[in-house]
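The values are calculated or read from the model by the stated rules, or taken from the named source; none is laboratory data. On a predicted model such as this, the values are computed, not experimentally measured, just so you know. Counting neighbours? That spans all protein chains shown, and the Cβs are built from the backbone with ideal geometry, glycine included. We work out accessible area using only protein heavy atoms, side chains counted, and drop any ligands, DNA or RNA first. Shrake-Rupley method; radii C 1.70, N 1.55, O 1.52, S 1.80 Å.
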Amino acid sequence: MSQPTDASVRQLRYFAALAEELHFGRAAARLGISQPSLTRQIQSLEKIVGAALVERTQRAVSLTAAGVAFAERAHVTLQHHDRSVETARNVAARRGESLAIGFECCAPYHDFPEVVKQFMARYPLTRLSSFQMAGSEQAEALARNQIDAGFLHPPVPDDGSFTFEKVGEDRFVVAMPSSHRLASRKRIACSELAREKFVFYPRALAPGCYDAVQKICQAAGFTPDVVHESNEISVSLSLIPVAGVVTLYPDCVRIRRAPGVVFRDLEGSVTSVTCGFLRRSGEVAAPIERFLKMWRAVKAKR
């Protein structure tokens, strides 16, 4: 009998479980098979690949360099396979296609809820899922086929794996208590905020916006004195009048009406941030195209 030349999905699952557990006994129990069966499958996989994937001693199991590389690609392949099976089952069950979107926390201020509402009404057979995640998490989720597109602010990976489409650009504005001494002004010089206390968000949440605010403040001669961090814009807005703090937000947040908070423009030439969609390069799928086309149309009407 000739030796198989292609790895099966089952073998990929077996190897993925072993790569995560790094223990033949635990991996076999997790998969519901015997340890000898798992060993034979891994040995067969190594013959197909033509390289050792694991190093096994009496006490430990570790991946070789080839094993580490193979585990990464096997995970992506399994994710893509599972999504394909899920989509086919949805269509067969008349539930239509599926679409998963990742988004940064500012997406609700860029018409995301309205787009979701319109999309669900127009394409009821497409199962739409959305997940809030940081930009770096979106890139990883795209690479693993866990989402189909992401809404974020650059920076974005430039390794050719993704395509970024700009859909908007925001200047920064000041958010401050309505009782603030500068609240009566229409425009405020950033340098006048040098002695203020700031509420801010962690850089990992939105590095593009975080770095832009730091750049604006540094150009005005100071580093913001951050006394509180929150990954929720609504929480930060509620703290502004209570704690007497200020912050800089992209202009899109201005649409949010928060009691005791006013927004004021910054004087002079102000750094802006771009927002848009991140997708896998070269991928064309009808549900993604429909969703992004609808988002462009909604945003164009603003």
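The H on the amide N of Ser230, modeled in the peptide plane, is under 5 Å from the matching H of Phe200, Tyr201, each at least 5 residues off or on a different chain. When all alpha carbon pairs of the chain are counted in 10 Å bins from zero, the resulting P(r) reads 6, 22, 23, 20, 16, 10, 4, 1, 0 %.
At an R0 of 30 angstrom, the distance between the Cβ atoms of Glu283 and Ala29 translates into a FRET efficiency of 0.20. Per residue, the chain reaches -13000 deg cm²/dmol at 222 nm when only DSSP H runs of four or more residues are counted, each adding -39500 (n - 2.57). Could you compute the net charge surrounding Ser184? Neighbours are other residues with a C-beta less than 14 Å from the C-beta of Ser184; K and R count +1, D and E count -1. Around Ser184, the surrounding residues sum to +3. In this structure, the amide hydrogen of Lys197, modeled 1.01 Å from its nitrogen in the peptide plane, lies closer than 5 angstrom to those of Val246, counting only residues at least 5 positions away or on a different chain. You can think of it this way: the chain between Arg13 and Arg290 has 96.4 nm of extra reach, that is 0.36 nm per residue less the Cα-Cα gap. Against the main long axis of the alpha-carbon atoms of the chain, helix 233-243 sits at an angle near 40°. Principal-axis analysis of the Cα atoms of the chain puts helix 35-49 at an angle of about 80° to the longest axis. Computed from backbone phi, the HN-Hα couplings of the range 274-280 come to 9, 10, x, 9, 10, 9, 6 Hz, rounded to whole numbers (Karplus: 6.51 cos²θ - 1.76 cosθ + 1.60, θ = phi - 60°; Gly and Pro given as x).
Here is the size of the range 135-272 from its Cα atoms: Rg then Dmax, 16.1, 50 Å. Each semi-axis of the equivalent ellipsoid for the range 39-154 is √(5λ) with λ an eigenvalue of the Cα gyration tensor; in descending order they amount to 38, 20, 9 Å.
Computed over protein heavy atoms with a 1.4 Å probe, the carbon and sulfur contribution to the accessible area of the range 237-292 reaches 50%. Computed over protein heavy atoms with a 1.4 Å probe, the accessible surface of the range 154-302 works out to 51 Å² per residue.
Spin-label pair Ser129-Glu267: with each label point 7 Å from Cα along the Cα-Cβ axis, the two points sit 5.1 nm from one another. Between the amide H of Ile147 and those of Leu142, distances stay under 5 Å, these residues lying 5 or more places away or on another chain, with hydrogens modeled in the peptide plane.
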